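Have a look at the structure below, then the notes.
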Amino acid sequence: MTSADYPTKDSVWPDDSNFIFLKGIEEICAHVSEHSLWELIKKGPPEGKGFMLWSHPDVNKLYDIADDNGHSGMSSAFLLRHVQYIARHGFDAWKDYRRPKPKVKPKTTKHKAKIRKVKRKK
């Protein structure tokens, strides 16, 4: 993945005031870009450990950034999973992933409607 796939200070972030994690993700991405940590985040924690249990100096700094935004250990790990998604799939793919999907009402097929009518007649 090229650096063009990662967010920069000029990137347009989603305008979603309901997503409380957005500011933290944006600040962590800025730090990751500034210190060239994308490959580290892409690889992720060692086998058997999550971000919460990973004692790595660079990751600890990312936790400090999340903590400054009022996040606990669990929500900080959640932020880092979003940043990892960006590292693995790209910023545009993350924005598509984050975009709310329209709710689609399932259609009733004619076959199911006939079965219901038969059941009602009994």
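The values are calculated or read from the model by the stated rules, or taken from the named source; none is laboratory data. Keep in mind that what you see is a predicted model, and the values were worked out from it rather than measured. Positions of Cβ are generated from backbone atoms using ideal geometry, with glycine treated the same way; all protein chains shown enter the neighbour counts.
Counting just the residues of segment 61-73 that are within 14 Å of I20 (Cα to Cα) and part of a helix (DSSP H, G or I), which one comes out modelled with the lowest pLDDT?
Going through the qualifying residues, I end up with D68.
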| query | Quick one: would you say V104 is among the aliphatic types (A, V, I, L, M), assigned to a loop (DSSP other than H, G, I, E, B) and either touching an Asp or Glu at 6+ places or on another chain (Cβ under 7 Å) or modelled with pLDDT under 85 (or both)? | reply | yes
| said: Any residue that is closer than 17 Å to F91 by Cα, within 17 Å of the chain's Cα centre (by Cα) and surrounded by fewer than 17 Cβ atoms within 10 Å (Cβ to Cβ) - is there at least one of those in segment 51-58? | reply: no
| Matching option when the condition is touching a residue at least 60 places away in the same chain (Cβ under 8 Å) and either within 25 Å of D92 (Cα to Cα) or not basic (K, R) (or both), among S75, S11 | S11
| Looking at segment 45-60, is at least one residue part of a helix (DSSP H, G or I), modelled with pLDDT of 90 or more and touching a helix residue (DSSP H, G or I) at 6+ places or on another chain (Cβ under 9 Å)? | no
